[in-house]
Structure formats: structure tokens, C-alpha cells
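No value in this document is a laboratory result; all are computed from the given coordinates. Fair warning: this is a prediction, and the values are worked out from it, not measured in the lab. A quick note on method: Cβ atoms are made from the backbone with ideal geometry, for glycine too, and the neighbour counts reach across all protein chains shown.
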Amino acid sequence: MATAQSDPGPGDIRPPTGTDAGGLDFAASLARSFAASLNVDATVGQALASIIHLLETEAGSLFLLDDKGETLVCRASAGPVKIDGLAVPMGQGIVGLTVAEDRLTFVENAYEDKNFFRAADERTGFVTRSILCAPMRVGEKLIGAVQVLNKISGQPFDSRDGNMLQVMANAAALAISNARLADQLVEQERIRRELELAAEIQRNLLPVPDDDLPICGINRPIREVSGDFYDYFELPDGTIAFALGDVSGKGMNAALLMAKTASLFRCLGKTIRDPARLLSILNREICETTSRGMFVTMVAGLYEPSTGTLRYANAGHLPPLIKFPDRLYETLAPEAPPLGILRETQFVDHEINLNGGLFVAFSDGITEFRHGEEELGTDGLSLLLEYAHDRPLAQRLASVLSDLDQGGWQARDDLTILAIDDRSAGRAWQREHVEQPPAPTEAEFLFGITFPAEPSRLKLMRPAIRAAARACQFEDEEIQDLLLAAGEAVENIMVHAYGGGTKGEITLAVHRLPDGILLRLRDFAPRVDTGKIEPRPLEEVRPGGLGTHFIRAIMDDATFIPLPDGEGNLLELVKRRRSAGVANGGEAGTERFGETGDSKDRD
Amino acid sequence: MSVSNIKEVQGRIVVSLAGEIDLENAGEVRKALLAALKQKKDLLVDLADVDYIDSSGIASLVEGLQVARKQKNELSLVAVSPRALRVLELARLDKVFSIYPDVTAAFAARP
């Protein structure tokens with residue numbers, strides 16, 4: 001017992017009800033009563049009744065401290081008069097002092113004690129003689145007091161009575177506190193269930209991950225529900241529509257606006273093939289129907305896995321990151337204001353070719369990860385993405401978050417990241433770290449020729465490839481495409497690798513694959529910086545880079561294979577028969593390319 | 001063979017291309033188009049007999065188009081062979097150029 005009290009005398013034997021074990025029994029029976037009724041007041045009444053019965057007193061009352069800790073309010077009274085509801089200021093009267101001083105109080109003759117509050121007696125007609133009052137505490141926290149009045153025997157309260165009352169007061173305090181917690185828990189549980197439902201609905205708004213797509217995202221709310229979202233879906237021609245957004249604020253109102261924006265995007269994105277126009281429509285919609293002061297920042301775009309072309313527009317969102325092979329991470333310039341602010345905002349489309357690179361959109365929760373005073377920033381994000389550059393996209397993104405978590409970084413906002421990996425788009429035009437692939441065992445060598453890097457040789461090379469492609473059972477249209485792509489690859493060597501001179505040689509090896517054809521072009525020029533070979537932006541009417549675009553659009557795979565030593569480059573081109581992809585069901589990548597690579601099928 | 005014929009028809013110049021146009025002879029196409037544009041007249045480029053055209057040939061057409069637009073002339077394509085159309089489509093230039101089935105249609109569209 002922490003309370004001050006006189007020690008029991010040497011011959012004083014405590015009854016069972018006065019021991020701690022007896023107190024626990026009492027607490028346990030009170031707890032059962034609470035559990036049965038889940039009603040604090042009813043149990044307080046039962047507790048008090050038990051106490052005056054055990055201590056054999058004429059009356060008793062139980063006071064609980066209000067939320068502010070200033071006033072004690074009588075929550076139960078037993079005996080000839082009822083004083084329920086009586087309020088006593090903290091520190092006044094016997095009860096107020098007992099709590100304020102946190103000690104057991106014995107009063108032998110109430111009318112001789114200056115602290116005795118006579119008003120109650122005067123109002124009720126009850127005559128108080130002696131008082132025993134014990135504070136009620138749970139741990140360090142005082143929650144009230146219980147007092148008993150006038151032993152029926154007429155004797156004053158002794159230390160044994162004091163012991164018993166204190167034990168029972170503590171037990172009652174524990175039970176009351178538990179009952180209060182239980183009340184809170186019930187309410188919290190209800191809110192938690194509703195939030196869980198909301199969170200589940202939100203999660204269902206996110207796209208289902210698909211390892212066959214070169215796009216992937218993560219959304220991790222800081223609370224149950226998220227104000228961020230991302231989405232992507234494949235359109236019938238293989239183009240992927242995507243978006244990432246961040247609603248201002250947190251909590252349920254942000255979550256509801258997020259749900260609305262995400263739904264509008266999914267609906268509009270299926271038909272509107274122009275990210276800037278899509279954002280304008282979304283903007284007007286959000287301006288019309290959203291409460292003031294809320295807005296949405298958002299990046300939306302379209303990505304063509306067959307060519308690497310990415311078209312996007314940005315409404316006030318953090319600039320996405322882009323990483324071309326052999327170059328550093330770059331940010332794309334910020335744009336128009338967020339959605340939901342100005343009804344007539346103009347948004348702008350931008351087009352780039354990922355060219356085997358990586359595109360990453362993210363919410364500020366990612367860059368605002370904190371470690372002490374340090375903020376992650378886009379540089380930190382770039383670094384983490386680069387650490388995991390050799391992993392598949394989904395693992396790469398997951399590793400960014402797990403590295404931060406394990407490194408003791410603290411998230412302060414919803415975390416959302418969405419990335420497109422052009423390397424995994426089934427073309428693999430430029431891989432940074434490719435093992436020298438074993439000679440494909442299924443490839444059958446048809447023929448090889450070596451010729452000077454002179455444009456006049458193109459017309460000699462094409463008939464040879466045409467004949468080989470016929471031998472590989474390609475259809476005429478596909479052969480024409482193949483000739484174009486192969487010609488472009490050879491011209492690239494002539495113009496870029498050899499710088500237009502005729503000093504070098506080119507070796508072409510043609511292999512038959514079970515489902516297509518494989519060409520290997522070897523030159524002996526200085527190493528090509530693959531990062532510098534860029535297809536031209538398609539909407540820009542300007543020569544240059546077009547050849548690379550043709551190769552990417554036509555071939556299923558175009559890969560620079562690193563050569564162990566010596567000068568030169570080895571480019572491997574693979575084209576599979578359209579009929580082969582259908583006949584054997586094909587690998588996922590092959591099939592997808594068959595659908596998207598031949599634009600004449602859909603045009 | 002790349003430029004097979006150049007003639008003037010009702011105030012417009014018709015340049016006919018033919019055969020396989022690649023890095024070897026795209027320069028000839030470019031020269032012929034730029035020379036014709038010096039006359040400040042609208043140009044029709046006939047691609048009926050083009051069996052093969054690659055990015056360097058397309059680049060010459062694009063350059064011609066840019067020069068024509070700068071001097072407020074038209075450069076249109078007529079009778080585009082299926083092969084050439086396929087390459088224009090791959091380049092997404094089929095919407096950039098005005099394309100007519102033949103010379104007569106080009107005149108009818110823009111008398």
C-alpha cells in the first residue's frame with residue numbers, strides 16, 4: 001500500500017478480506033460484474049454496497065474525479081440518504097483532501113474537524129460521526145475516493161478498517177478503470193472496423209500486380225486509409241495507362257477524394273488517349289464537386305511497351321524521376337497547378353522515349369522519409385533504386401521501402417511509388433549488364449557474310465536476309481518489316497559506329513529459330529555508348545533516331561551483347577513469326593509483342 | 001533508281017520516286033525535293049513505285065515537308081505504295097503528311 005496509514009499493531013491479525021489476495025478476489029468479482037453489464041455506474045453501486053457491508057458502516061459514498069481532474073462527483077451512495085451527483089472541488093472537504101493529498105484519512109469526530117463539509121448533513125438530516133476515506137488509484141493515476149461513515153458498532157475506525165478500505169478502494173479503482181477502458185475499446189473497435197472496411201475498399205481500387213507488365217506500384221498508407229493512389233491498366237492495343245496522385249491532407253476526407261479521383265481516372269483513362277486532356281476533365285470535375293481547400297496532385301500518362309514511348313502530363317505533382325541507361329537519374333520539370341484549384345487550368349503533354357530506361361513517379365511521403373534531421377529527397381530515392389537495379393521491378397520497389405524501414409527511417413506520410421521499367425518491356429534494347437548468353441542451342445546457323453560498311457552494300461544484303469526469312473517461314477509482310485529493321489541496324493553501324501566512313505567491316509550471321517529468326521551484327525568500331533542511341537520523340541517532325549524506333553517496333557528483341565575484349569559491338573536481333581506466337585501459345589513476352597508490335601493489325 | 005521522274009502539272013511539281021530508297025540514295029531524293037521546292041510551288045511526291053524505303057528516305061521526305069511549310073508551300077504524298085505506307089505508319093507520320101490516292105485526288109482536294 002502506497003498510502004500513509006498507521007501500522008497495524010503487533011497483535012493485529014488481518015482478516016482474509018483485508019489481505020491483498022482478498023482484494024484481488026474482490027476486484028475479480030467486480031470485473032466479472034463489469035464484464036456482464038459493461039456499465040460503470042451499476043458496478044460502482046455494487047462495489048460500494050459490498051464495501052459498507054464488509055466494513056459494517058451506516059453509509060458510504062464513492063466519488064470519481066472528472067476529466068479535468070478538478071472536481072470529484074459522487075457516482076454512488078449507500079445508506080439512509082442519497083448524495084449521488086454531489087460535486088466536491090479537489091482539495092476541499094474530507095474527500096477532496098484525501099484525493100489531493102493521496103492518503104487514507106481517519107476522522108474520529110466529524111463535527112470537530114475543520115475540513116468536514118457540514119452542508120451535506122444539514123441538507124439531508126444525516127448525522128455524520130466518524131469518517132474513513134480512501135483514495136482510489138490505478139498505478140500512479142488518482143481516479144477518485146471512497147468514504148464510509150459511522151461504524152454501526154459506534155466504534156471509531158481503526159487501522160484494520162483502514163487497510164480493508166484501501167485494499168477494496170484499489171480493487172474498485174482497477175475495476176472501474178478497466179470498465180472505462182472496455183468502453184473505449186468498444187468504441188475504438190467500432191471505428192477500427194469501419195476504417196478497415198474503408199482501407200479494404202481503397203486497396204481494391206489499386207491495380208492487381210501483373211508480373212507480365214513492365215509497370216508496378218506500391219501504396220502504403222501512414223494511417224489506415226490513404227490519401228495517395230496509383231493505378232495502371234492495359235488498353236486493348238497493349239498501351240498501358242497509368243496515374244499516381246496525392247490528395248491534400250490525410251484521413252477520411254482525403255481518402256474519399258482519393259477514391260473519387262482514382263475511379264474517375266480508371267473510367268476516363270479507358271477512352272481518353274491524351275493525358276493532358278484527361279487531367280483537364282478530372283480538374284473540372286474535382287473543381288465542381290469538391291469541398292474548398294482540397295486538391296489533388298497527379299501525374300497521368302500512357303506508355304507503349306512495344307516502342308518505349310511514354311506520354312505524360314503533370315498536375316502539380318512532384319516531378320517524376322527518369323533514368324536512361326548509362327546516365328544519371330534526372331527529374332522531369334514540374335508542371336501546371338494541382339487538380340481542384342483553377343477550373344480553366346491548361347495541362348501539357350510531354351513525350352519521351354524511355355529507351356530501355358526507368359520512369360518513377362512517387363508521392364512526397366517517399367522523399368520526406370526522415371532519419372533524424374535528414375530527409376531522403378530525390379537523390380536518396382535515386383540511390384536506393386540504383387542499389388537494386390538488377391532486381392525485377394516489383395522487388396526493386398519493395399526493396400526501397402524495406403531498406404528505409406530497416407535503416408531506421410521514419411515515414412511521415414502515405415507512401416506511394418509507381419515505376420515503369422522499359423528494360424523489362426520485352427524488347428531489351430539496351431541492357432546494362434547482360435551476361436554473354438550461351439549460343440542459343442535451338443538456333444540453326446544459316447549463313448554469314450562480311451561486307452564493308454558502305455551504304456551500297458545494303459541492297460546486296462537485303463536479298464540474302466529475305467531468302468533466309470522465307471526459309472524461316474515468315475510471311476511477306478513480316479519479311480518486309482524484318483528487312484527494314486535489319487537495314488536500320490546496319491545503317492546505324494555505318495553512320496554512328498563507323499562515323500559514316502568506309503574503313504570498317506560488318507559481319508552478319510543469320511540463324512533460324514524454331515519460331516523465328518536471329519540476326520547477329522558484329523562491327524569493329526569503337527564501343528557504342530548505348531545511352532546515346534535515342535529514338536526520336538515521335539511527335540517531333542525531325543529526322544534522326546527514327547531507325548532505332550523502327551528496330552524497336554519491329555523486332556521482338558534487340559540487344560547489345562558485351563564482347564569480352566577488343567573493339568567492336570555485337571547486336572543481336574530476334575524476330576519471331578507472328579503465327580508462331582499464336583500456334584504454341586508462346587511465352588508471355590512473345591505473345592504480348594505479337595499483339596502490340598505489328599501496328600498494321602490494329603490500324 | 002530513286003527519283004524516276006519530275007514534271008510540272010497545273011502549277012504543281014510532281015516528283016516520282018521508285019525502287020529501293022535507303023542510305024545509299026536517300027541523298028538523291030533529298031536533293032531532288034529541295035531543288036524542286038526552290039521554285040516555290042506545291043509539291044506532290046508520288047510513291048507508287050517505291051518497293052523499299054527506310055528511315056533515311058523518310059528523313060528526306062520530312063526535311064522536304066519542313067522546308068515546304070516554312071515557305072508556305074504544300075508537300076503531299078500521292079499513290080503511296082503499301083510498303084511505303086507501312087513505314088510511314090510505323091513512324092507515325094501517316095497523319096503528318098497529307099496523303100492522296102493519286103494526283104487527281106490531290107488536285108480535287110486542293111484545287
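Enter the mean number of other protein chain beta carbons within 10 Å of the beta carbon of each residue in B:48-61, as an integer. Please report the intermediate quantities before stating the final value.
Numbers: counts 0, 0, 0, 1, 7, 1, 11, 15, 9, 0, 4, 7, 1, 1.
Mean number of neighbouring Cβ atoms from other chains: 4.
For a quick check of your reading of the filter: which trypsin sites (Lys or Arg not before Pro) in region A:266-303 sit in a DSSP loop and have no more than 15 other Cβ atoms within 10 Å?
Details: sites: A:R266, A:K270, A:R273, A:R277, A:R284, A:R292; in loops: A:K270, A:R273, A:R292.
Listed in order of number, the matching sites are A:K270, A:R273, A:R292.
Using the structure shown, list the pairs from A:K459/B:K41; A:K323/B:K95; A:K68/A:K151; A:K68/A:K114; B:K72/B:K95; A:K82/A:K151 with a Cα-Cα distance above 22 Å, or answer none.
Numbers: A:K459/B:K41 33 Å; A:K323/B:K95 31 Å; A:K68/A:K151 33 Å; A:K68/A:K114 27 Å; B:K72/B:K95 19 Å; A:K82/A:K151 18 Å.
From A:K459/B:K41; A:K323/B:K95; A:K68/A:K151; A:K68/A:K114; B:K72/B:K95; A:K82/A:K151, over 22 Å: A:K459/B:K41; A:K323/B:K95; A:K68/A:K151; A:K68/A:K114.
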key: Spacing of the two label points (7 Å from each Cα toward its C-beta) at A:E200 and A:V138, in nm   = 3.1
message = Under a crude label model (7 Å from the Cα following the beta-carbon direction), how far is A:E189 from A:R223 in nanometres?
response = 2.3
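What is the packing order of peptides A:483-491, B:94-102, A:101-109, taking the mean over residues of other C-beta atoms within 10 Å and listing the highest first?
Details: A:483-491: 24.2, B:94-102: 15.0, A:101-109: 17.3.
My ranking of the peptides, most packed first, is A:483-491, A:101-109, B:94-102.
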query = Full extension from A:I449 to A:Q346: what is 0.36 nm times the residue separation minus their Cα-Cα distance, to one decimal in nm?
reply = 31.5 nm
request  = Within 10 Å of each Cβ in peptide B:86-98, how many partner chain Cβ atoms are there on average? Round it to a whole number, please.
outcome  = 4
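With the convex hull built on the Cα atoms of region A:16-183, state its orientation-averaged projected area in nm².
On the way: hull surface 35.5 nm².
Here the figure is 8.9 nm², rounded to one decimal.
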request  = Quick one: Debye curve from the alpha-carbon atoms of chain B only, equal weights, vacuum; give me log10 I(q)/I(0) at q = 0.11, 0.24 Å⁻¹ to two decimals.
outcome  = -0.28, -1.55
query = Once you sort the root eigenvalues of the Cα gyration tensor of the protein assembly as shown as a ≥ b ≥ c, which label holds: rounded (a/c under 1.5), prolate (a/b larger than b/c) or oblate (the other case)?
reply = prolate
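Just checking the output field for B:23-29: average partner chain Cβ neighbours within 10 Å of each residue's Cβ? Display every interim value, and only then the final one.
On the way: counts 13, 7, 4, 3, 1, 0, 0.
Counting other chains' Cβ atoms within 10 Å and averaging over B:23-29 gives 4.
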inquiry  = If I take R0 = 25 Å and measure r between the Cβ atoms of A:E442 and A:D211 in this structure, what FRET efficiency does the formula 1/(1 + (r/R0)^6) give, to the nearest 0.05?
reply    = 0.55
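For chain B, which DSSP H helices look membrane-span-like by this rule: Cα extent along the axis of 30 Å or more and mean Kyte-Doolittle of at least -0.5? Mind dumping the intermediate values first?
Numbers: long enough: none.
None pass (Cα extent of 30 Å or more, hydropathy at least -0.5).
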ask   = To the nearest 0.05, what FRET efficiency results for A:S153 and A:D66 with a Förster distance of 30 Å applied to their C-beta separation?
value = 0.30
